[in-house]
Number of protein chains: 2
Amino acid sequence: MSGDILLTPGPTPLPPQVREALGRPIIHHRTSQYRSLFRRVLQRMQAVMQTAQPVVCLTSSGTGAMEASVVNLLSPGDEAIVVLGGKFGERWQEVCAAYGIRAAPVPVAYGEAVDPERAASILRAHPKAKAMFATLCETSTGGVPDIQALAAVTRASRAVLVVDAISGLLADECQTDAWGVDVLVTGSQKGLMLPPGLAFLSLSERAWALVNEAKTPRFYTDLRGYRKALADDDTPFTSAVSLVVALDEALTLILQEGVPKVLQRCGLMAQATRSGVEAMGLRLFAQRPSNGVTAIRVPEGIDGKSLAKLMYDRSHVMIAGGQGEMAGKVVRIAHMGHIGPGDILAGLAALEGALVALGHEVAAGTGVQAARAMLESIVHSP
Amino acid sequence: MSGDILLTPGPTPLPPQVREALGRPIIHHRTSQYRSLFRRVLQRMQAVMQTAQPVVCLTSSGTGAMEASVVNLLSPGDEAIVVLGGKFGERWQEVCAAYGIRAAPVPVAYGEAVDPERAASILRAHPKAKAMFATLCETSTGGVPDIQALAAVTRASRAVLVVDAISGLLADECQTDAWGVDVLVTGSQKGLMLPPGLAFLSLSERAWALVNEAKTPRFYTDLRGYRKALADDDTPFTSAVSLVVALDEALTLILQEGVPKVLQRCGLMAQATRSGVEAMGLRLFAQRPSNGVTAIRVPEGIDGKSLAKLMYDRSHVMIAGGQGEMAGKVVRIAHMGHIGPGDILAGLAALEGALVALGHEVAAGTGVQAARAMLESIVHSP
């Protein structure tokens, strides 16, 4: 509904410039006009993804690009390592299983941070593993593993590191090339401030070498075709043109602010959210919390689903509940993309109201007050 | 550019109601508001696809749904039949090859109509074939095979009939259930008047039975997951929400006019285009021409690419050139979706102007005149 405040970790709110672009007359994709726009978009995606490698654009959800990583890098029977710890780590495991990849798990309890040394020892125990799959921001727990350490560990092996940055990009730092992340996967509906429907991958030279060797059958997600088409600023199959046109506007906003400043702003918003939540006497779920989404333990005796529903019904603020095993146990507030300081204050105020209505004691205004001081230091950006 | 007339066979122009919907604030997809919209959209897609079977919605180009048909119906080593005759018939062959399906071709010369008896004899020669793949409108040649006859032929075998109606839907008649088409595949950017990014499939009971048997590995396109999610009016992975919201508006326009009337209008637009083209002394490419797109043989000594470019440069009318083998030899004018009678007149006028500029003799106004009489009988619709 119009007037709603959307604090969900994807889709995230759209800036007016993006909405305007989405509503423009459609343009044809086999034209020089579109090709030059597409080239500009992919070049600017390199800056956002912190890589000098070419960026491939798929018309799919983020999961389509996760699948593209698995089927383009590996062959049936290959070994790989999967870092668990939430619904999206488990998704890597499911994709591997679907394609006959023998994926050894790095077990991580929900909310806990992976121990890079544990990952290293599992890598050593599987010297034939060709890839390690990890998640920059595990949206389901609000946790962020130490990707830099995982990259260091992977570089000591023959495996490439593949990172799902679908909800982490532009919120949690990931220095793709500098850290040695071989494949970065992302989607459009989070930090990029677009509707869902586009997914992106960047691949290192080592990863491209695997693409040429991999025997897993593939067609729509065959990255060889996408790389070939890049020479003509094209895609092998029709792109989601209106989303690409809108992405051009979103990238202008992002690069005008600058990637470091976007990350810093998200970091401050996250800190403010965490302070607010803790001031209300609530506990964070993740040991190493994300700057894109905060997962909050729901107090004993309260159901997270009812809490989120009440926040929406009373205040028109929409947050996310828990997924899978964590349904009812956590609620999640996003602070990425176009979500602004005022949205966070509204979210904390609505949270307080709903908690009180459910009989949980909260000292009036404590959460909002704790957050506000921090938020005031943010110069308002796109 | 604003003011351009787009006569390309996808993407096709967007109605204002669709553009307005695309530019709305994004809504979250795991809400009752979105679920009820999604349910309504899929129910109305059944009417448009002329089937009582559930409709599955993928976030992908049309090719993603073509791949979904192959990987969900067949196992590596299975036999199938592929009806050729253009770039998109050949795409079925390429997808089958990628997944280890032994696809026997029904050879069809470009522009010619498939002989259903030929298809029948190839089916008889491959009694183990589990599927026959065909194309409702072969966009590359502007040709339409007799799908009703192919369906009759297929029903006399154990094979299911899979039809790519990506550019044919809502332009060329396809009575999915009545004729016995088992799987109908379509995309958003043609008769549905949306940007590209969504694809749809409907499957008969016989086809769903194959889905449960097929051994080809799949994940993002695994139709079992989509069917399960339908029970909750949901999808296994995040949908392209803004396109689904816009589709709701497009379907209102289509169903207000009524599917038979949309087909009739496209038929008249096609007849008018063909009359205009022939009045100018040009020849059609397809033996059995589509009501969605007209392919025109470019006169001797003229390059089709230059012709299309000149039409755009002089008149801001964009038509499509030839694809693959037919580059330069044909040009293609679409008359599906939101393309109106005035657009067709502009297209014919621009075509005449460009032909004359390239030194081809055309009696002034003949094409426009021939088309106009026919177009005047169309009551203007969405």
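The values are calculated or read from the model by the stated rules, or taken from the named source; none is laboratory data. Because the structure is a prediction, the values reported are computed rather than measured. Every residue, glycine among them, receives a Cβ derived from its backbone with ideal geometry; neighbour counts consider all protein chains shown.
Pull up region B:69-94, narrow it to residues that are of a type in the set (A, V, I, L, M) and crowded, with 24+ Cβ neighbours inside 10 Å, then point me to the one that is farthest from B:Thr221 (Cα to Cα). So, considering only residues that are of a type in the set (A, V, I, L, M) and crowded, with 24+ Cβ neighbours inside 10 Å, the one farthest from B:Thr221 (Cα to Cα) is B:Val83.
Residues checked against (1) assigned by TED's automatic domain parsing to the domain that holds B:Gly85; (2) of a type in the set (S, T, N, Q); (3) more than 23 Å from B:Asp146 (Cα to Cα):
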{"residue": "B:Lys228", "(1), (2), (3)": "yes, no, yes"}
{"residue": "B:Thr235", "(1), (2), (3)": "yes, yes, yes"}
{"residue": "B:Leu251", "(1), (2), (3)": "yes, no, yes"}
{"residue": "B:Gln271", "(1), (2), (3)": "no, yes, no"}
{"residue": "B:Ser275", "(1), (2), (3)": "no, yes, no"}
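Selection of region B:106-137 for residues being farther than 22 Å from B:Cys174 by Cβ and in contact with a helix residue (DSSP H, G or I) (Cβ under 9 Å, 6 or more places away or on another chain) yields only B:Pro107. In this structure, does A:Val95 turn out to be within 8 Å of chain B (Cβ to nearest Cβ), outside any loop (DSSP other than H, G, I, E, B), more than 29 Å from A:Leu348 (Cβ to Cβ) and in contact with an Asp or Glu (Cβ under 8 Å, 6 or more places away or on another chain)? It is true that A:Val95 is within 8 Å of chain B (Cβ to nearest Cβ), outside any loop (DSSP other than H, G, I, E, B), more than 29 Å from A:Leu348 (Cβ to Cβ) and in contact with an Asp or Glu (Cβ under 8 Å, 6 or more places away or on another chain). Test A:Thr235 against the criterion of being under 28 Å from B:Ile26 (Cα atoms) and surrounded by 23 or more Cβ atoms within 10 Å (Cβ to Cβ), and give yes or no. Answer is no for this residue. Report the residue count in region B:201-256 for those that are within 14 Å of chain A (Cβ to nearest Cβ) and over 21 Å from A:Ala98 (Cβ atoms). Adding up the residues that qualify gives 11.
Within region B:98-119, the set of residues being more than 11 Å from every other protein chain (Cβ to nearest Cβ), surrounded by fewer than 21 Cβ atoms within 10 Å (Cβ to Cβ) and within 23 Å of B:Lys215 (Cα to Cα) comprises B:Arg102, B:Ala104, B:Pro105. Scanning region B:288-305 for residues that are under 10 Å from B:Val330 (Cβ atoms) and assigned to a loop (DSSP other than H, G, I, E, B) returns a single hit, B:Val298.
Looking for something within 14 Å of chain B (Cβ to nearest Cβ) and crowded, with 19+ Cβ neighbours inside 10 Å - is there at least one such residue anywhere in region A:126-134? Walk me through it before giving the result.
If we filter region A:126-134 for residues that are within 14 Å of chain B (Cβ to nearest Cβ), which is where we start, we get A:133.
Checking which are crowded, with 19+ Cβ neighbours inside 10 Å leaves us with A:133.
Within region A:126-134, one or more residues are within 14 Å of chain B (Cβ to nearest Cβ) and crowded, with 19+ Cβ neighbours inside 10 Å.
Quick grid of which residues meet (1) free of Cβ contacts under 8 Å to residues at least 60 places away in the same chain; (2) among the small types (Gly, Ala, Ser); (3) in the same structural domain as B:Cys137 (by TED's automatic domain parsing):
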| site | (1), (2), (3) |
| --- | --- |
| B:Cys57 | no, no, yes |
| B:Ser60 | no, yes, yes |
| B:Gly64 | no, yes, yes |
| B:Val83 | no, no, yes |
| B:Gly89 | yes, yes, yes |
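Taking the condition within 24 Å of the chain's Cα centre (by Cα) and either of a type outside the set (A, V, I, L, M, F, W, C) or at pLDDT below 95 (or both), does A:Ser377 pass? The answer is no for A:Ser377.
Before we move on, is B:Ala308 within 18 Å of A:His29 (Cα to Cα), touching a strand residue (DSSP E or B) at 6+ places or on another chain (Cβ under 9 Å) and either modelled with pLDDT under 95 or in a helix (DSSP H, G or I) (or both)? So that I can check it myself, show each step before the final result.
On the way: within 18 Å of A:His29 (Cα to Cα): yes; touching a strand residue (DSSP E or B) at 6+ places or on another chain (Cβ under 9 Å): yes; either modelled with pLDDT under 95 or in a helix (DSSP H, G or I) (or both): yes.
In short, yes.
Within region B:135-152, the residues that satisfy the criterion of being buried (at least 22 other Cβ atoms within 10 Å of the Cβ) and hydrophobic (A, V, I, L, M, F, W, C) are B:Leu136, B:Cys137, B:Val144, B:Ile147, B:Leu150, B:Ala151.
Using the structure shown, decide if A:Ala363 is surrounded by fewer than 22 Cβ atoms within 10 Å (Cβ to Cβ), among the aliphatic types (A, V, I, L, M), in the same structural domain as A:Gln264 (by TED's automatic domain parsing) and over 18 Å from A:Ser140 (Cα atoms). Talk me through it step by step, then tell me what you get.
On the way: surrounded by fewer than 22 Cβ atoms within 10 Å (Cβ to Cβ): yes; among the aliphatic types (A, V, I, L, M): yes; in the same structural domain as A:Gln264 (by TED's automatic domain parsing): yes; over 18 Å from A:Ser140 (Cα atoms): yes.
Considered against the rule, which asks whether it is surrounded by fewer than 22 Cβ atoms within 10 Å (Cβ to Cβ), among the aliphatic types (A, V, I, L, M), in the same structural domain as A:Gln264 (by TED's automatic domain parsing) and over 18 Å from A:Ser140 (Cα atoms), A:Ala363 comes out as yes.
So which of A:Leu184, A:Leu194 is part of a loop (DSSP other than H, G, I, E, B) and in contact (Cβ under 8 Å) with a residue 12 or more places away in the chain? Only one candidate qualifies: A:Leu194.
Are any residues in region B:260-279 aliphatic (A, V, I, L, M) and either in contact with a Lys or Arg (Cβ under 9 Å, 6 or more places away or on another chain) or more than 16 Å from B:Gly168 (Cβ to Cβ) (or both), and if so, which ones? I'd like the intermediate steps shown before the answer.
Applying the first criterion (aliphatic (A, V, I, L, M)) to region B:260-279 yields B:262-263, B:268-270, B:272, B:277, B:279.
Hits for region B:260-279 are B:Leu268, B:Ala272, B:Val277, B:Ala279.
Any residue that is within 14 Å of another protein chain (Cβ to nearest Cβ), in contact with a helix residue (DSSP H, G or I) (Cβ under 9 Å, 6 or more places away or on another chain) and more than 22 Å from A:Gly89 (Cβ to Cβ) - is there at least one of those in region A:356-372? Looking through region A:356-372, none of the residues is within 14 Å of another protein chain (Cβ to nearest Cβ), in contact with a helix residue (DSSP H, G or I) (Cβ under 9 Å, 6 or more places away or on another chain) and more than 22 Å from A:Gly89 (Cβ to Cβ).
Determine which member of the set B:Arg283, B:Arg274 is buried (at least 21 other Cβ atoms within 10 Å of the Cβ), under 30 Å from B:Gly304 (Cα atoms) and free of Cβ contacts under 8 Å to residues at least 24 places away in the same chain. Working first, answer last.
Numbers: B:Arg283 fails: buried (at least 21 other Cβ atoms within 10 Å of the Cβ).
Criteria check complete, one pass: B:Arg274.
Entry remark, region A:326-358: residues being hydrophobic (A, V, I, L, M, F, W, C), crowded, with 23+ Cβ neighbours inside 10 Å and not in a helix (DSSP H, G or I) number 6 in total.
Restricting the search to region B:291-301, which residues are surrounded by 24 or more Cβ atoms within 10 Å (Cβ to Cβ) and in contact with a His (Cβ under 9 Å, 6 or more places away or on another chain)? Quick ask: steps written out before the conclusion?
The initial filter retains those residues of region B:291-301 that are surrounded by 24 or more Cβ atoms within 10 Å (Cβ to Cβ), namely B:291-296, B:298.
Correct list: B:Asn291, B:Gly292, B:Val293, B:Thr294.
Within region B:18-36, residues that are within 16 Å of A:Pro13 (Cβ to Cβ) and assigned by TED's automatic domain parsing to the domain that holds B:Met193 sit with their Cβ atoms under 6 Å from residues that are surrounded by fewer than 19 Cβ atoms within 10 Å (Cβ to Cβ) and aromatic (Phe, Trp, Tyr), at 6+ positions apart or across chains, in these pairs: B:Ile27/B:Tyr34. Residue pairs whose Cβ atoms lie under 7 Å apart, sitting 6 or more positions apart in sequence or on different chains, and linking a residue in region B:209-225 that is under 14 Å from B:Pro236 (Cβ atoms) to a partner that is part of a loop (DSSP other than H, G, I, E, B), are B:Tyr220/A:Ser60; B:Tyr220/B:Phe237; B:Gly225/B:Pro236.
Selection of region A:170-194 for residues being away from chain B (no Cβ under 14 Å) and within 16 Å of A:Ala207 (Cα to Cα) yields A:Thr176, A:Asp177, A:Ala178, A:Trp179, A:Gly180, A:Val181, A:Asp182, A:Val183, A:Leu184.
Listed residues A:Leu263, A:Leu310; which is within 18 Å of A:Leu358 (Cβ to Cβ) and surrounded by fewer than 22 Cβ atoms within 10 Å (Cβ to Cβ)?
Details: A:Leu263 fails: within 18 Å of A:Leu358 (Cβ to Cβ).
Result: A:Leu310 is the single residue among A:Leu263, A:Leu310 that is within 18 Å of A:Leu358 (Cβ to Cβ) and surrounded by fewer than 22 Cβ atoms within 10 Å (Cβ to Cβ).
In region A:1-78, counting only helices (runs of 4 or more DSSP H) that sit wholly within it, the ones holding 1 or more residues that are away from chain B (no Cβ under 12 Å) span A:32-48, A:62-73. Selection of region B:227-238 for residues being under 25 Å from the mean Cα position of the chain (by Cα) and over 18 Å from A:Lys87 (Cα atoms) yields B:Arg227, B:Leu230.
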